[in-house]
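Down below is the structure, laid out as structure tokens.
The values are calculated or read from the model by the stated rules, or taken from the named source; none is laboratory data. Quick caveat: nothing in here was measured; it's all calculated off a predicted structure. As a convention, Cβ positions derive from the backbone with ideal geometry for all residues, glycine included, and neighbour counts pool all protein chains shown.
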Amino acid sequence: MFSEMSLLLRKMVCPHPLPPLFYFASSSVTVDGVIISLCCNSKTKSVALQLAGGQILKYLWESPSVAVEPWKNPGGIPVRFPYPCKQTELAVVGGEECVLGLTDRCRFFINDNEVASNITSFAVYDEFLLLTTHSHTCQCFCLRDASFKTLQASLSSSDVPNGEILRKVERGSRIVTVMPQDTKLVLQMPRGNLEVVHHRALVLAQIRKWLDKLMFKEAFECMRKLRINLNLIHDHNPKVFLENVEDFVKQIDSVNHINLFFTELKEEDVTETMYPLPVPGPERPPRGRNGGKVDLICDAMRAAMESISPHKYLLSILTSHVKKSTPELEVVLQKIHELQGSAPPDPDAVSAEEALKYLLLLVDVNELYDHSLGTYDFDLVLMVAEKSQKDPKEYLPFLNTLKKMETNYQRFTIDKHLKRYEKAIGHLSKCGPEYFPECLNLIKDKNLYNEALKLYPPNSQQYKDVSIAYGEHLLQEHRHEAAGLVFARCGAHEKALDAFLAAGSWQQALCVAAQLSLSQDQLAGLGRVLAGKLVEQRKHSEAATVLEQYTQDYEEAVLLLLEGAAWEEALRLVYKYNRLDIIETNIKPSILEAQKNYMALLDSQTTTFSRHKKRLLVVRELKEQAQQRVHLDDDVAHAQESDLFSETSSVMSGSNMSGKYSHSNSRISARSSKNRRKAERKKHSLKEGSPMEELALLEALAEVVQGAEKLKDEIRCILKVLFLFEFDEQGRELQKAFEDTLQLMERSLPEIWTLRHQQDSATPVLGPTSTANSIMASYQQQKTSAPVLDAELFIPPKINKRTQWKLSLLE
């Protein structure tokens, strides 16, 4: 504390840029008050004075005449601390330079605004503000993107979500200083001893700076010592890392450290999970999904190491192969085998034995043995087996047996032993026709039909045998059409015909029949069988086509067309074969009968629609009356609140007891879960008074509307033939009835599917505005909310007015 009324300050003056001559001149300025603290900012060259009265003065030491003036906030108002601060610092917060102060009562101020009242010490370092609190934590905030409000909110919140910001410290710790150009934070303990910690926020900020400057070695050493996940080296800026991967290898210049980097690689982006930025930074370039990140790094680093010194970095190159998502163990083993057969060019180069020992540390010996066996190189297999703990009695007899086999059969045996069945059948297919039965058995056993068909020429007997086996397999899976295609492709036409008949593929069946050169009678019999199947599938037009063209039974074809309401096609056949008598005997009676059926259908739809609509309005009225009664009873309910809560508690207690009983009988619940799922799939009950009656009515009404919409094309077709045969009265009657039905539905849609009832139906029974009385009343009346799965019921069905179904000739 300064007790004088004037302050003597030294000012450094440099009169000329060159040569760099410096001298000090003394100047003084009078301050009206007692100065109790002084602080300065080395970057902004600002100096702030705190007076005993709380005023903050700015010392203008760079002006021609040294002077002081009040320190003002961004609003132009002079800053004044409400209480004297034992520590003051200058910092740039959110782009504005501010005075920070801490009282002996742990009250922390930014300018004259109190930010927190639980701060025991603080320090400003670079762009960071570090504070210790009464809750025994050390928090670190980046001031570059912070503001007064965000700092206040973070310090007042007991829950700090970002792991970088907060660090637990010993009770009573105080900040002494932060080491410049380092990540060390010096704390003083209550006992007086000093301790050095590395705050995670400072560490990560420094690492990010190093990575931005491509100082990979410094970043790596820091991350290794402080146990920061090494994926950050890549994830901080993947594009820059991959462009400078060779520089990274040269800077690290250690096989062990590079291997450590490889072992920590994972597909996760640590900048989004482990080390997110404490505050949203500038927009980063979009990244693809993390899939393939490890493979990309391994390939890039391996290429860099092979270009720098393949012998020096051999172990790291092997690690890059092993670390890939699909380990390239065969490549690794081949490289080791090549080392064994050649002298090392460098005395310090890794030998094949050392490389194999290292590989056994990365990969399980049994897995490595299997992969070496998969290379078909017995020298390599023996090399791996000798370095493992395997008993020679386990592998030598098997290897000796393999050596005696023909090459392709030997490789087949190895692949089958390793369960690489696709490769196995590839080698066995080269062994000759005598081995084909064994190959076919393996194909059937492992379901390798598609792979096997690629191994044989299409015109070979083996190809046909595999195809027939494949088709029979498809038949067992009830994939009849696919089986027919496979049979037809290999020339097994009889089997193809049976498969197509079972599938109902009448075009394909007739194509195959043509290739079989069936007689006329056989073809006619086949046509009748196909027509019968098509009628079962309600494909009357297709059935008529088969009967007309392949059985010459055009009369039966006409009857099928009339049954399927294909009036115009029936007329075409009648006129084609000049059988006009059928018009009077069959077509006209069928048309009139169909008109009566449509009239009855429309009458039924109109009656059903009106009945459901009327009932829906009644249900909704009852629901509204019940809700009104509940609201009227709420006032009375408040007077009897305790009784209601007591009753509710009793109900809930019973529910809890029931829950315990259900828990003890969980096996019974498990057995009945299938039945419950079946019940959920059932339609809602239309029974009056059922819990979901409103939903059931909406569902039924929607089905009626959708059914009427689907009738438009059929109605137009029959109206045309009614007019054609001068049944104008029946045509007008049908057209009028259908028009009335559609108009009734169109008028009713806004009344049935209203927005208010949609919202009411989606309102849950429970909620912050519910009372005990309303809850109990709602459950008693079983007015539960609509499930999410029934949301589509509240969307009105669409009636397409653009569909032209009316026949203007009948108006």
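Values for this structure:
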item	result
Test: residue in region 412-430 that is touching a His at 6+ places or on another chain (Cβ under 8 Å), surrounded by 14 or more Cβ atoms within 10 Å (Cβ to Cβ) and assigned by TED's automatic domain parsing to the domain that holds Pro327	yes
Residue in region 155-164 that is assigned to a loop (DSSP other than H, G, I, E, B), of a type in the set (A, V, I, L, M, F, W, C) and surrounded by fewer than 20 Cβ atoms within 10 Å (Cβ to Cβ) present	yes
Helices (runs of 4 or more DSSP H) enclosed by region 540-588 - at least 3 residues per element that are in contact (Cβ under 8 Å) with a residue 60 or more places away in the chain and under 15 Å from Leu724 (Cβ atoms)	567-576
Within region 312-340, considering residues that are hydroxyl-bearing (Ser, Thr, Tyr) and either free of Cβ contacts under 8 Å to residues at least 60 places away in the same chain or part of a helix (DSSP H, G or I) (or both), the one surrounded by the most Cβ atoms within 10 Å (Cβ to Cβ)	Ser320
Selection count where residues are assigned to a helix (DSSP H, G or I), out of contact with any Cys (no Cβ under 6 Å at 6 or more places or on another chain) and in contact (Cβ under 8 Å) with a residue 12 or more places away in the chain, scope region 424-449	13
Considering residues of region 171-188 that are hydroxyl-bearing (Ser, Thr, Tyr) and crowded, with 20+ Cβ neighbours inside 10 Å only, the residue farthest from Ala201 (Cα to Cα)	Ser173
Condition broken by Glu69, with the remaining ones in (1) touching a strand residue (DSSP E or B) at 6+ places or on another chain (Cβ under 6 Å); (2) in a strand (DSSP E or B); (3) under 21 Å from Ala116 (Cα atoms) satisfied	(3)
Any hit, region 329-341, residues being of a type in the set (Gly, Ala, Ser) and modelled with pLDDT of 90 or more	no
Wholly within region 625-730, helices (runs of 4 or more DSSP H) carrying at least 3 residues that are modelled with pLDDT under 50 and over 30 Å from Met599 (Cβ atoms)	641-664, 666-681
Within region 124-154, tally of residues that are closer than 13 Å to Val93 by Cβ, in a loop (DSSP other than H, G, I, E, B) and among the polar types (S, T, N, Q)	1
Of all residues making up region 454-510, the number that are polar (S, T, N, Q), in contact with a helix residue (DSSP H, G or I) (Cβ under 8 Å, 6 or more places away or on another chain), more than 23 Å from Glu438 (Cα to Cα) and part of a helix (DSSP H, G or I)	1
Enumeration of residues in region 54-83 that are closer than 21 Å to Cys106 by Cβ and surrounded by fewer than 15 Cβ atoms within 10 Å (Cβ to Cβ)	Pro82, Tyr83
Scan of region 158-196 for residues that are in contact with a Leu (Cβ under 8 Å, 6 or more places away or on another chain), modelled with pLDDT under 90 and over 24 Å from Trp210 (Cβ atoms), ordered by number	Val160
Pick from region 459-498, criterion over 45 Å from the mean Cα position of the chain (by Cα) and among the aliphatic types (A, V, I, L, M), ranking: surrounded by the fewest Cβ atoms within 10 Å (Cβ to Cβ)	Ala492
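Let's see how each residue does on (1) surrounded by fewer than 14 Cβ atoms within 10 Å (Cβ to Cβ); (2) free of Cβ contacts under 8 Å to residues at least 60 places away in the same chain:
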| residue | (1), (2) |
| --- | --- |
| Asn193 | yes, yes |
| His199 | no, no |
| Ile207 | no, yes |
| Phe216 | no, yes |
| Phe220 | no, yes |
| Ile228 | no, yes |
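Residue by residue, here is whether (1) at pLDDT below 90; (2) buried (at least 19 other Cβ atoms within 10 Å of the Cβ) holds:
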position: Phe500; (1), (2): no, yes
position: Ala513; (1), (2): no, yes
position: Leu518; (1), (2): yes, no
position: Val535; (1), (2): no, no
